[in-house]
Amino acid sequence: MAGNGDIQWCFSQVKGTLDDDVSEADIISCVEFNHDGDLLATGDKGGRVVIFQRDPSSKNCHPRRGEYNVYSTFQSHEPEFDYLKSLEIEEKINKIRWLKRKNPAHFLLSTNDKTIKLWKVSERDKRAEGYNLRDESGQIRDPTSLTALRVPVLKPMELMVEASPRRIFANAHTYHINSISINSDQETYLSADDLRINLWHMEVTDQSFNIVDIKPTNMEELTEVITAAEFHPHDCNVFVYSSSKGTIRLCDMRQAALCDSHSKLFEEPEDPTNRSFFSEIISSISDVKFSNSGRYMISRDYLSVKVWDLHMETKPIETYPVHEYLRPKLCSLYENDCIFDKFECCWSGNDSAIMTGSYNNFFRMFDRTSKRDVTLEASRETAKPRYLLKPRKVCTAGKRKKDEISVDCLDFNKKILHTAWHPHENIIAVAATNNLYIFQDKF
């Protein structure tokens with residue numbers, strides 16, 4: 001896998017209708033590749049999960065192509081109503097996480113604001129025929145009419161992909177779930193809401209252990225909330241969680257059952273020259289991800305992506321501005337609520353590059369080796385076979401060059417919040433409202 005600075009990205013596919021009229025339920029709310037990259041799952045605001053499977057011919061041809069077809073679609077969550085609190089519970093899928101594959105079936109966790117579900121996705125291409133107590137139409141036979149015993153046989157049938165809920169983990173969160181993360185032991189996982197993090201066992205649905213609780217006795221003293229949480233990819237006892245105050249806490253479950261006292265605190269001192277009314281809002285971390293190696297992590301705040309070395313808490317080792325040109329516009333972004341948008345970030349498979357989203361359907365890529373960065377666009381204009389993505393530039397002042405777009409012309413309704421990078425190849429999935437764009441390196 002080449003470093004991002006050396007990659008020329010080209011269009012592969014787009015999923016979803018390209019109409020201007022977008023239904024709220026069709027807006028994609030999460031994107032996730034499985035561990036070998038052969039499956040790609042998306043969740044939407046309508047509570048549906050759509051799984052795409054890599055086309056085997058695109059994987060085996062030379063050069064390899066990243067083409068995915070619909071594999072399974074199912075309704076994961078339904079809208080509910082909490083009668084005790086008179087609150088509607090949205091069906092929107094907040095997060096999807098794949099378990100590592102152990103048998104022919106695939107397993108994934110999906111969550112909305114309150115309930116986490118474990119789904120089994122399996123294939124069936126044979127069916128049993130020749131029952132003794134049922135006739136061919138499925139009607140029950142009279143046992144007294146049986147004169148001979150038949151041995152049922154398996155007959156081939158058209159491939160069917162079934163999704164069935166195996167476990168439902170409910171009633172453990174008072175506040176909205178923002179993160180789920182599967183432990184490296186593949187037996188436990190954590191779920192985080194605004195004030196608490198719970199530890200679950202995959203086999204136990206009726207109890208969970210509360211491992212972090214930052215809720216103050218008096219809610220008027222509340223100063224921060226948990227924004228994201230993730231388990232370390234290799235050390236099953238280590239996890240991190242980020243806060244709205246711009247801090248990341250690393251906890252070790254070997255130290256205590258309740259991890260309210262952290263092992264490490266990652267925080268960058270604020271630059272006094274950039275201090276403003278919006279400082280606290282834009283320093284809130286919207287996403288945190290461990291590198292695949294487990295040595296580093298990235299955090300995304302409103303204006304930047306930071307790379308942290310787990311051995312150094314005092315400051316990030318790299319900081320990449322995502323859309324610094326928006327700093328003078330924070331006032332209007334506050335008024336239209338865009339300043340509260342939660343952008344995610346992700347690593348390339350070999351940790352050499354980072355990707356995150358922006359506005360105007362732009363997404364940003366940063367090459368850690370060459371320190372080069374690029375802005376690309378997921379739009380209908382790029383949706384042509386093998387179309388090579390051209391770098392986009394945003395002009396802040398002065399005369400605008402031909403290929404540049406003025407910062408005043410950016411569309412803040414078109415935002416890329418969710419992206420995913422194939423674990424082993426340069427194939428990326430970018431969610432733009434109701435469309436899923438798949439790009440790959442030039443072939």
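Of the residues in segment 36-53, at least one is farther than 19 Å from Lys442 by Cβ, of a type in the set (D, E, K, R), in contact (Cβ under 8 Å) with a residue 60 or more places away in the chain and open to solvent by 20 Å² or more (accessible area, probe 1.4 Å). Scan segment 313-346 for residues that are farther than 19 Å from Arg275 by Cβ and hydrophobic (A, V, I, L, M, F, W, C) and the total you get is 7.
Candidates are the residues of segment 355-377 that are of a type in the set (A, V, I, L, M, F, W, C) and touching a residue at least 60 places away in the same chain (Cβ under 8 Å); the one that is surrounded by the most Cβ atoms within 10 Å (Cβ to Cβ) is Phe363. For Ile298, the criteria (1) open to solvent by 10 Å² or more (accessible area, probe 1.4 Å); (2) at pLDDT 95 or above hold in every case but one, which is (1). Looking across segment 41-82, the residues that are within 19 Å of Asn435 (Cα to Cα) and in contact with a Leu (Cβ under 8 Å, 6 or more places away or on another chain) come down to Ala41, Thr42, Val49, Ile51, Phe52, Gln53, Arg54, Tyr68, Tyr71. Checking the structure you have, find out if any residue of segment 83-94 is touching a residue at least 12 places away in the same chain (Cβ under 8 Å) and aliphatic (A, V, I, L, M). Yes; the residues of segment 83-94 include at least one that is touching a residue at least 12 places away in the same chain (Cβ under 8 Å) and aliphatic (A, V, I, L, M).
The residues on offer are Leu154, Leu190, and the sole one that is aliphatic (A, V, I, L, M) and either without any contact (Cβ under 8 Å) to a residue 40 or more places away in the chain or within 30 Å of Lys126 (Cβ to Cβ) (or both) is Leu154. Residue by residue through segment 165-183, note down the ones that are open to solvent by 40 Å² or more (accessible area, probe 1.4 Å) and either over 19 Å from Asp213 (Cβ atoms) or more than 21 Å from the chain's Cα centre (by Cα) (or both). Correct list: Pro165, Arg166, Arg167, Ile168, Asn171, Thr174.
Being over 16 Å from the mean Cα position of the chain (by Cα) and of a type in the set (Phe, Trp, Tyr) is a condition met by no residue of segment 87-101. Within segment 407-442, can you find the residues that are charged (D, E, K, R), in a loop (DSSP other than H, G, I, E, B) and under 30 Å from Leu330 (Cβ atoms)? Those that are charged (D, E, K, R), in a loop (DSSP other than H, G, I, E, B) and under 30 Å from Leu330 (Cβ atoms): Asp411, Lys414. Looking only at segment 392-406, count how many residues are surrounded by fewer than 16 Cβ atoms within 10 Å (Cβ to Cβ), outside any loop (DSSP other than H, G, I, E, B) and of a type outside the set (D, E, K, R). Result for segment 392-406: 1. Cβ-Cβ under 6 Å, sequence separation 6+ or interchain: first residue in segment 114-141 and closer than 25 Å to Ser164 by Cα, partner aromatic (Phe, Trp, Tyr) and open to solvent by less than 60 Å² (accessible area, probe 1.4 Å). Which pairs? Here the result reads Ile116/Phe169; Lys120/Phe107, each pair linking segment 114-141 to a residue that is aromatic (Phe, Trp, Tyr) and open to solvent by less than 60 Å² (accessible area, probe 1.4 Å). Tell me, yes or no, whether segment 413-423 has at least one residue that is open to solvent by 30 Å² or more (accessible area, probe 1.4 Å), of a type outside the set (S, T, N, Q) and touching a Pro at 6+ places or on another chain (Cβ under 8 Å). The answer is no; no qualifying residue exists. Within segment 65-81, the set of residues being free of Cβ contacts under 8 Å to residues at least 60 places away in the same chain and closer than 21 Å to Val430 by Cα comprises Asn69, Val70, Thr73.
Please enumerate the residues belonging to segment 191-222 that are among the charged types (D, E, K, R) and either in contact with a helix residue (DSSP H, G or I) (Cβ under 7 Å, 6 or more places away or on another chain) or open to solvent by less than 50 Å² (accessible area, probe 1.4 Å) (or both). The answer is Asp193, Asp213. Scan segment 66-87 for residues that are among the charged types (D, E, K, R), within 23 Å of Ser164 (Cα to Cα) and not in a strand (DSSP E or B) and jot them down. Residue satisfying the conditions is Glu78 alone. If I filter segment 21-35 down to residues being open to solvent by less than 60 Å² (accessible area, probe 1.4 Å) and not in a strand (DSSP E or B), which single residue comes out as farthest from Lys120 (Cα to Cα)? Among those residues, the one meeting the criterion is Val22. Residues in segment 98-117 that are surrounded by 21 or more Cβ atoms within 10 Å (Cβ to Cβ) and within 22 Å of Pro423 (Cα to Cα): His106, Phe107, Leu108, Leu109, Ser110. Would you confirm, using the coordinates I've provided, whether Tyr325 is of a type in the set (Ser, Thr, Tyr), surrounded by fewer than 22 Cβ atoms within 10 Å (Cβ to Cβ) and either more than 23 Å from Arg64 (Cβ to Cβ) or under 22 Å from the mean Cα position of the chain (by Cα) (or both)? Yes, satisfied. Only residues that are acidic (Asp, Glu) and open to solvent by less than 20 Å² (accessible area, probe 1.4 Å) were counted across segment 231-268, and they come to 0.
Every residue, every condition in (1) at pLDDT 95 or above; (2) polar (S, T, N, Q); (3) under 29 Å from Ile427 (Cα atoms), yes or no:
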position: Phe239; (1), (2), (3): yes, no, yes
position: Thr273; (1), (2), (3): no, yes, no
position: Phe278; (1), (2), (3): no, no, no
position: Ser286; (1), (2), (3): yes, yes, yes
position: Leu303; (1), (2), (3): yes, no, yes
position: Leu310; (1), (2), (3): yes, no, yes
position: His323; (1), (2), (3): yes, no, yes
position: Cys346; (1), (2), (3): yes, no, yes
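The values are calculated or read from the model by the stated rules, or taken from the named source; none is laboratory data. Note that the structure is a prediction, hence the values are computed from the model and not measured. FYI the Cβ positions are ideal-geometry reconstructions off the backbone, even for glycines, and counts take in every protein chain you see. Accessible surface is based on the protein model in full, side chains and every heavy atom, while ligands, DNA and RNA are left aside. Shrake-Rupley method; radii C 1.70, N 1.55, O 1.52, S 1.80 Å.
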